[in-house]
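Participant: So that we are looking at the same thing, I have put the structure below in structure tokens.
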Amino acid sequence: MYYLEIIKITIILVILIIFVYFYILSLRNNIKYKVPQVSTFSSDFKILKKNLWKYDLKWKKWADLWSWIWKIIRFFEKNFESKMTWYEIDPSNVILAKFLNKFFSSKTKVIKWNYFEANLKQYDFIYVYLFPCLMEKLEEKIFSESKPWTYVFVNAFKFKNYKPIEIFYKKGKEKIFVYKV
């Protein structure tokens, strides 16, 4: 009985050490790429779930362009049975995401790739949550390379040169912007 407790505590400590290690690697990559990463908040999921019923999302192809954390991917995969591809430049997040894919039996394709080099023509929907310093460059890529009927969901920081077709609000403030290419 005593040995089981030691094994249980050891497993918990190892898992904790692994997560701390990945967090430190992630911080290092923030400094390396000079771009802070942004996480989708729980309230964002509520907004999306409330508003996305208007769009035919089932079995569509989604691209998530470096929204840092895989919660949004699991959300789309679980709620809309979407085919997800996640572009991530942080190798520590890629390793962790591939582990979580196995653990949760996820079919999400995780790609360690610069999303500025990604082929966006194959996607029906694109989800973006990046800081403004990257949005302008990404805006040009999305609107020049995507299919004409592609929907783009942008969290928090809207595109500079295009008007959204719809805006989802959070407590009266603009939160998620929907664009159609």
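The values are calculated or read from the model by the stated rules, or taken from the named source; none is laboratory data. Everything quoted here is computed from the prediction, not taken from an experiment. Reconstructed Cβ throughout: ideal geometry from the backbone, glycine too, with neighbour counts over all protein chains shown.
Participant: Looking at (1) more than 29 Å from Q122 (Cβ to Cβ); (2) modelled with pLDDT of 75 or more; (3) in contact with an Asp or Glu (Cβ under 8 Å, 6 or more places away or on another chain), which one does E5 not meet, given that it meets all the others?
Facilitator: Only one criterion is unmet by E5, namely (3).
Participant: Give just the number: which of (1) surrounded by 12 or more Cβ atoms within 10 Å (Cβ to Cβ); (2) modelled with pLDDT under 75; (3) more than 24 Å from K147 (Cα to Cα); (4) among the hydroxyl-bearing types (S, T, Y) does Y21 not satisfy?
Facilitator: (2)
Participant: Another question about this same structure. Quick one: count up the residues across the range 117-165 that are in a loop (DSSP other than H, G, I, E, B), surrounded by fewer than 17 Cβ atoms within 10 Å (Cβ to Cβ) and of a type in the set (S, T, Y).
Facilitator: 1
Participant: Among the listed residues K137, K170, K175, K158, identify the single one that is modelled with pLDDT under 90 and touching a Ser or Thr at 6+ places or on another chain (Cβ under 7 Å).
Facilitator: The unique qualifying residue is K170.
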